[in-house]
Amino acid sequence: MLNSILQLLFPNLCVNCNQALVKHERHLCLTCQLELPETQYHLLKDNGIEKSLWGKIPFERAFSFLYFNQAGITQKILHELKYKGNEELAIFLGKLYGQRLQESPAVNNLNGIIAIPLHPIKLRKRGYNQSQAFATGLSEVLGILDYSNLIYRKKNTQTQTQKSRVERWDNVQSIFGIKQPEILKNKHILIVDDVITTGATIESCAREIIEKSNCKLSIASIAHAA
Ligand SMILES: [Zn+2]
């Protein structure tokens, strides 16, 4: 009763179009959910992300939920995650993507998931790690263990946008550490980031994991900015 009154007074709004959500809708109205620019990369071998990672790190498959388009729905979602602390939305997106991934043989033999960690200072500022929340949703639907607590970030990196590609690589090299790497030995782990652009952060984290624990990796992100 109280919930229905509150819902009347303060309806939950769609993150994209600001329309009031109706029963069973969460975060996005059905219309906007159907308009999500899904990449379908999990069904597409040699997709855009896989091509950009070729020759850099060994991996099984790489895929991303959404295309990043300037001024589009993905940008609104990322803004909501980053600046409005909407952790529930990140978990919701992880679950939604988990349902999509279940259609794909790419996830059949996954044993676990690892979210790229934020530096503690950034984590305190933002309140939560959006990659972690997305990974939580994924792990729940896919029924795989979350090993994110084994990975940590060694030092805070500056914002990467102003740097050249070479500088960027130097900047992210070996910034990650791994605890108890033997736990991951011979497993197939899905590494999760929020947005993949050059893939340099994923590459750095993946290198550390592969070198120390000799496991197989696949890669997933919320968005791909090609
Ligand atoms: Zn909407």
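Quick note: the coordinates plus some simple rules give every number you see, no bench work behind them. Owing to the predicted nature of the structure, the values given are computational and were not obtained by experimental measurement. Please note: Cβ atoms are built from the backbone with ideal geometry, for glycine as well, and neighbour counts cover all protein chains shown.
Worth pointing out:
- Dividing the C-alpha radius of gyration of region 10-90 by 2.2 N^0.38 Å, with N its residue count, gives 1.33.
- Measure of compaction for the chain (Cα Rg per 2.2 N^0.38 Å): 1.03
- Placed amide H near Ile191: partners under 5 Å, 5+ positions off or other chain: Ile114, Ser218, Ile219, Ala220
- Mean residue ellipticity, 222 nm, helices only, the chain: the sum of -39500 (n - 2.57) across DSSP H runs of n ≥ 4, divided by residue count and rounded to 500, is -11000 deg cm²/dmol.
- The residues packed around Leu142, meaning those with a beta-carbon under 13 Å from its beta-carbon, carry a net charge of -1 if Lys and Arg are +1 and Asp and Glu are -1.
- GNM on the chain, alpha-carbon springs under 10 angstrom: the most fluctuating residue among Pro58, Pro11, Pro181 is Pro11.
- Burial ordering of Val195, Val15, fewest other beta-carbon atoms within 10 Å first: Val195, Val15
- Exposure proxy for Thr201, Thr136: other Cβ atoms within 10 Å of each Cβ, ordered fewest to most, give Thr136, Thr201.
- Pairs beyond 19 Å (Cα-Cα), from Lys82/Lys122; Lys84/Lys154; Lys82/Lys125; Lys45/Lys187: Lys84/Lys154; Lys45/Lys187
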